[in-house]
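Notes for the one structure printed next.
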Amino acid sequence: MISKIKKQIVFSGIQPSGNLHLGNYLGAIKQWIDMQQNYSCIFCIVDYHAITIHQDPKELKRRILEIAKIYLASGIDPKKSIIFQQSDIKEHTELAWILNCTARVADLDKMTQFKDKSGKNKESVSVGLYDYPVLMAADILIYGAQIIPVGEDQLQHVELARTIAKRFNSQFGNIFRIPEAQLQKQGARIMGLDDPIKKMSKSAVNTNNYIALNEKPEIARNKIMRAVTDSGGEIKYNSQSKPAISNLLTIYSLITNISIKELEKQYAGRGYGDFKRELAQVVETFLIGFQAKYNKISDKEVFDILKAGATKLEPIAQKIITNVKKNIGLS
Ligand code: ATP
Ligand code: LTN
C-alpha cells in the first residue's frame, strides 16, 4: 500500500570554502545518502556562508561546482533529492534579516565556532562571520525542515535555530517548524591523522592531518601509513585510552560498512602494520571509485541540476516569507 504520510523534510549544507576531506564525507555527506530513501531531502551549497571569510572570486566559483559534483559522486540522487545553491534563493537572506531582529547578541556571543574562527582577530573579522548562525537558521526554517544531519561541531548552531524559531513563534504566531539535529552514531567527529585529539580539518596546517576527497590515492595511502598510533599494539576501540586506533577503526568501519566489533575480531592478534596497510588499501579503493564518478560529471550537468533545484524551492521559500511578513506587520 502506498503511504499517504508526507515524508519529513531533511536539510543540510556544506560551504564551498576549501578542500573537502574524509571527515566531511564520513561525518556529514555519507549519512545523507541513506536518508534519501525515507525523507524529502534538500542539500545546499552554502555559498553565502563561505563569503563570511574572504574568498577569491574565481576560486569560489570553481568550488561551488566542485561541491555539487562531490554531492553527486557521493550518491546524492537529483531524482530523489533537491540540490541547490543558497544564493539562488534570495529569500534566505531576506529571512535572515528578519531573524536577526529576533536573535539576540547574547545568543550569538555563546557560539564557540565564532570564538574559534575569529581567534584573536575579533576586531577585524566580518560581521557576517558573527551573524553566520542566523543565516543558517534561515536556511533551515524557510523550508520547514525537521531533521538536520550535521557533524558535532554544528549542534550549537542547530540549537540556536530552535531557540530563534520558538521565540519567533511565541511572539508572532506559529509559523516555523522546530528542527532537530541528527548526529551520526559513529563518525560525527573524525579526528586528525596527525593528532587524534583534534578534529580532521581542512584548515589544519599539517596536510597529513586530513585526506582530501581529491587526494591522489597513493598520497592518501602514505598518509594512512604515517598516521599516529597509540601505545600498545592491540587493535581495539577505546576513544579515551586509544584515540588514534579508534579513529582509524571508525574510518575503516564507515567506508566498508563492517562494524567495529567485527573489525576488532578480524584484527585480533595482528599488529598496527597489518591493520594500517589494509586500511590504506580500503581508502585507496574508495578514492579511486569516488574520483572516477566525480570526473564523469560535466559542468553543464551540474548547472542544470542546480537550476532545477532552485526552481523547485523558490515557491516554497516565497510562501514562508509572505506569511512571515504578514505576521510581523510588514504587509
Ligand atoms: P573545517 O574545520 O574542516 O574547515 P568545517 O566544519 O568548517 O570544517 P564544513 O565544510 O563547514 O567544515 O563542514 C561540512 C560538514 O562536515 C558539517 O556538517 C561538519 O559538521 C562536518 N565535518 C567537518 N569536519 C568534520 C570531522 N572532522 N568529522 C566529522 N564531521 C565533520
Ligand atoms: N554551518 C554549516 C553549513 C550550513 C548548514 C546550514 C548545515 C549552513 N547552513 C543549514 C545544516 C543546515 C557548516 O559549517 N557545516
Report the Stokes-Einstein translational diffusion coefficient (µm² s⁻¹, integer) for the range 42-107, Rh taken as the Kirkwood radius over Cα pairs, at 10 °C with viscosity 1.306 mPa s. 116 µm²/s
Plugging the Kirkwood radius over Cα pairs into Stokes-Einstein for the range 1-59, at a temperature of 25 °C and a viscosity of 0.890 mPa s, what D comes out in µm²/s? 181 µm²/s
Could you let me know the centre-to-centre spacing of the range 198-239 and the range 83-117, using Cα atoms, in angstrom? 33 Å
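Let me know the charge dipole size of the range 224-307 about its Cα centre in debye, to the nearest 20, where only the beta-carbon of Lys, Arg (+1) and Asp, Glu (-1) is charged.
On the way: 12 positive and 10 negative charges, 5 e Å.
With Lys and Arg at +1 and Asp and Glu at -1, about 20 debye.
What Kirkwood radius, in Å to one decimal, follows from the Cα pairs of the range 160-279?
Values: mean 1/r = 0.0605 Å⁻¹.
In the range 160-279 this quantity evaluates to 16.5 Å.
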Given q = 0.10, 0.11, 0.20 Å⁻¹, what are the Debye log10 I(q)/I(0) values for the range 1-155, with equal point scatterers placed on the Cα positions and solvent ignored? -0.38, -0.46, -1.44
Work out Dmax and Rg for the range 222-305 from the C-alpha atoms and quote the Rg first, both in angstrom. 16.2, 53
In whole percent, what relative contact order does the chain give with Cα contacts below 8 Å and a gap of six or more residues? 22 percent
Using a cut-off of under 18 Å, list every residue of the range 46-64 whose amide N is near the label point 7 Å from the Cα of N100 along the Cα-to-beta-carbon line. 47-54
Taking a virtual spin label 7 Å from the Cα of K80 along the C-beta vector, which residues in the range 2-46 bring their backbone nitrogen under 15 Å of it? 7-11, 29-43
So between T285 and E123, what do we pick up on full extension, going 0.36 nm a residue minus the alpha carbon distance? 53.7 nm
I'd like the distance separating the alpha-carbon centroids of the range 247-291 and the range 146-186, in whole Å. 34 Å
Long-range HN-HN contacts of Q8 with modeled amide H, under 5 Å: S40
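Structure shown: which of K69/K236; K61/K296; K120/K198; K117/K276 lie over 24 Å apart, alpha-carbon to alpha-carbon? Numbers along the way, then the final one.
Details: K69/K236 36 Å; K61/K296 19 Å; K120/K198 19 Å; K117/K276 33 Å.
Over 24 Å apart, Cα to Cα: K69/K236; K117/K276.
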Considering the alpha-carbon set of the range 286-331 alone, what are its Rg and its Dmax in angstrom? 18.7, 55
Given unit charges at Cβ for Lys, Arg (+) and Asp, Glu (-), the dipole magnitude of the range 148-210 about its Cα centre in debye, nearest 20, is 240 debye
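How much length is gained if the chain between R177 and A292 is pulled fully straight, taking 0.36 nm per residue apart and subtracting their Cα-Cα distance, in nm to one decimal? Could you put the intermediate results ahead of the total?
Working: separation 115, 0.36 × 115 = 41.40 nm, distance 3.97 nm.
So the extension gain works out to 37.4 nm.
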List every DSSP H helix in the chain whose Cα atoms extend 18 Å or more along the helix's own long axis and whose mean Kyte-Doolittle hydropathy is at least -1.0. 57-74, 127-141, 155-172, 243-256, 272-296, 299-328
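In the range 92-230, what is the volume of the convex hull around the alpha carbon atoms, normalised per residue and reported in Å³?
About 146 Å³ per residue, rounded to a whole number.
Of K110/K293; K30/K223; K7/K58; K110/K312; K7/K261; K58/K319, which sit over 29 Å apart, Cα to Cα? Can you show the working numbers first?
Details: K110/K293 41 Å; K30/K223 22 Å; K7/K58 38 Å; K110/K312 35 Å; K7/K261 33 Å; K58/K319 34 Å.
The answer is K110/K293; K7/K58; K110/K312; K7/K261; K58/K319.
About its Cα centre, what dipole magnitude does the range 273-331 give when the only charges are +1 on Lys and Arg Cβ and -1 on Asp and Glu Cβ, stated in debye to the nearest 20? All intermediate terms of the calculation are to be shown ahead of the outcome.
On the way: 10 positive and 7 negative charges, 89 e Å.
With only Lys, Arg, Asp and Glu charged at Cβ, the dipole is about 420 debye.
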Could I have the simple spin-label model distance between T322 and K110, label points 7 Å from Cα toward Cβ, reported in nm to one decimal? 3.6 nm
Along the charge dipole of the range 211-331, pointing to its positive end and built from +1/-1 on Cβ of Lys, Arg, Asp and Glu, which listed residue (I320, L263, S241) has its Cα farthest out? I320
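Which value results when the Cα radius of gyration for the range 188-243 is divided by 2.2 N^0.38 Å? Could the numbers behind the result be given before it?
Values: Rg = 11.8 Å, N = 56, 2.2 N^0.38 = 10.2 Å.
Against the compact-globule rule of thumb, the ratio is 1.16.
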The range 125-175: relative contact order as a whole-number percent, Cα under 8 Å and 6+ apart: 42 percent
Farthest towards the positive end of the dipole of the chain, among P217, I82, P196 and with Cβ unit charges of +1 on Lys and Arg and -1 on Asp and Glu, lies the Cα of I82
Considering the chain, what Rg and Dmax in Å follow from its alpha-carbon atoms? 20.9, 71
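Values in this text are rule-based calculations from the coordinates and carry no lab data. None of the values given here were measured: they were computed from a predicted structure. Ideal geometry is used to build each Cβ from the backbone, glycine not excepted, and the neighbour counts take in all protein chains shown.
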